[in-house]
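Heads up: the structure comes next, in structure tokens.
The values are calculated or read from the model by the stated rules, or taken from the named source; none is laboratory data. These figures come from a predicted structure and were not determined experimentally. In this analysis, Cβ positions are derived from the backbone assuming ideal geometry, glycine residues included, and neighbour counts consider all displayed protein chains. Areas reflect the complete protein model, heavy atoms only, side chains present, ligands, DNA and RNA absent. Shrake-Rupley method; radii C 1.70, N 1.55, O 1.52, S 1.80 Å.
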Amino acid sequence: MSLDPKLRQDILDSVEAGFEEQIRFTQKLVSFPSTRGGEHAIQDFVFREYKKRGYALDRFSMDRDAILRHPGGSPWSDEHSDAPIVVGIHRPREEKGRSLILQSHLDVVPAGPAGMWESPPFEPRISGDWMFGRGAADMKAGAAANVFAMDALARLGLQPAATVTIQSVVEEESTGNGALMAHLRGYQADAVLVPEPEDEMLVRANTGVLWFQVEVSGLPVHVREMETGTNAIDATYRLIAALRELEEAWNARRHEHPYFDDLAHPINLNIGKIEGGDWASSVPCWCRIDCRIAIYPGTRAASAAEDIRGWLAAFAHGDPYLSNHPPQVTFNGFHAEGYALEPGSDAEAVLERAHVAAVGEPLKSFTTPGYLDTRVYALYDRIPALCYGPVSRNVHGFDECVRLSSVKRISGAMALFIAEWCGTESKS
């Protein structure tokens, strides 16, 4: 049942009343340099904020063995974060409504050279309607919105009439193991909402993602005798060309997959890092590349990994040098499958009503060729997994920023969604 119009307006007014505080909270989150492995301090901060609000608390480490046993688990490398997962749990006096998970991740990608930012990446700056800083959009504004959408109800003397679990995870940018660990811990609900920066739209489908390394050995000699050696970097470039052919072969199959046939290039291969050689005047004897590639929903990660191995092996077999010195392939991060959110769920209908009330326009949906933690809940809990959040620019790039007026709108939509989906009861 739709919300009473007066309650709906009261909730939006409450979001407005708390928005300056929400901005300050978001700036505080952005000020933590929470790159991979460095998320402990920000998770401690979030734990304290959940405690202030009276939530039941849970803070736990990831269980490596349990993750690796699960089909959705990604490989555990030496760089894997050991920061805890933090959960705040609201429990109603009487469970009348439908339960909900609100999730965010607080790990961020590296900022890159500070000199290429207009202002320091971990010193949040507001200019006009935009907040700048690494993670401001992806996804610390969403993490704050989870907290302040609940606060908006509390400011009115209300609380959800169902269990709401607010989860702050890590490893979203590398493996997806943080969200999976919350699932393995036993947290479940009737729906999940993840406010990633999605330009005020709902994600209808997204790709899975694989990370892998390819290492090539060469034959080192003095550069004056270069023709007698083998350059591992040159050989790696030949392998990159072969991987580009695989990328195009997978893109050619987009018409076989609902929600992807209208995208020109849904499968993107990224050569994210390259290292090699030891000396400018020596033919390099080693080279290693770190790669990321997308896979379609319905494609098993293990099957796609074998396809990559087989493709590279077949190319190496026909290469005069690599046939005798085959490349070594290691899967070292994301090993995650994609999902599609089929239309028609009650949760989507509630979110659409909330969005129309807060934003004033019909809710649009789209397909994104990137990883989202919502895959855990769509694939393994089989619940409506809603990914919906604010307008942003330069995610993963320099001068990343989020539009504050959009954050206010989606925070209002989220508060309305919580009130209708979970129902409300008096706090006292």
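Between 136, 154, 144, 111, the distinction of being farther than 18 Å from residue 386 by Cα and open to solvent by less than 10 Å² (accessible area, probe 1.4 Å) belongs to 136 only. With the structure loaded, tell me whether residue 93 is basic (Lys, Arg), open to solvent by less than 70 Å² (accessible area, probe 1.4 Å) and in contact (Cβ under 8 Å) with a residue 40 or more places away in the chain or whether it fails that test. No; evaluated as a whole, the condition is false for this residue. Filtering the stretch 44-54 for residues that are within 18 Å of residue 188 (Cβ to Cβ) and open to solvent by 20 Å² or more (accessible area, probe 1.4 Å) leaves an empty set. Restricting the stretch 34-69 to residues that are part of a helix (DSSP H, G or I) and under 19 Å from the mean Cα position of the chain (by Cα), which is farthest from residue 151 (Cα to Cα)? Among those residues, the one meeting the criterion is 67. Would you point out the residue of the stretch 119-161, among those that are out of contact with any strand residue (DSSP E or B) (no Cβ under 7 Å at 6 or more places or on another chain) and assigned to a loop (DSSP other than H, G, I, E, B), that is nearest to residue 404 (Cα to Cα)? Going through the qualifying residues, I end up with 128.
Restricting attention to the stretch 237-257, report how many residues are surrounded by 14 or more Cβ atoms within 10 Å (Cβ to Cβ), under 11 Å from residue 296 (Cβ atoms), out of contact with any Leu (no Cβ under 7 Å at 6 or more places or on another chain) and not aromatic (Phe, Trp, Tyr). Final tally of qualifying residues: 3. A search for C-beta distances below 6 Å between a residue of the stretch 66-89 that is surrounded by fewer than 20 Cβ atoms within 10 Å (Cβ to Cβ) and any residue that is part of a loop (DSSP other than H, G, I, E, B), counting only pairs 6+ apart in sequence or on different chains, returns 89/55.
Scanning the stretch 187-239 for residues that are farther than 30 Å from residue 90 by Cα and among the small types (Gly, Ala, Ser) yields 208, 217, 218, 229, 232, 235. Any residue that is farther than 21 Å from residue 122 by Cα, touching a residue at least 60 places away in the same chain (Cβ under 8 Å) and open to solvent by 40 Å² or more (accessible area, probe 1.4 Å) - is there at least one of those in the stretch 32-40? Checked against the condition, which is being farther than 21 Å from residue 122 by Cα, touching a residue at least 60 places away in the same chain (Cβ under 8 Å) and open to solvent by 40 Å² or more (accessible area, probe 1.4 Å), the stretch 32-40 yields no hits at all. Quick check on the stretch 405-428: of everything there that is out of contact with any Leu (no Cβ under 8 Å at 6 or more places or on another chain) and not aliphatic (A, V, I, L, M), which residue is surrounded by the most Cβ atoms within 10 Å (Cβ to Cβ)? Result: 411.
Within the stretch 48-61, residues that are within 20 Å of residue 177 (Cα to Cα) and in contact (Cβ under 8 Å) with a residue 24 or more places away in the chain reach no partner that is open to solvent by less than 80 Å² (accessible area, probe 1.4 Å) and of a type in the set (Asp, Glu) with beta carbons closer than 6 Å at six or more positions or on different chains.
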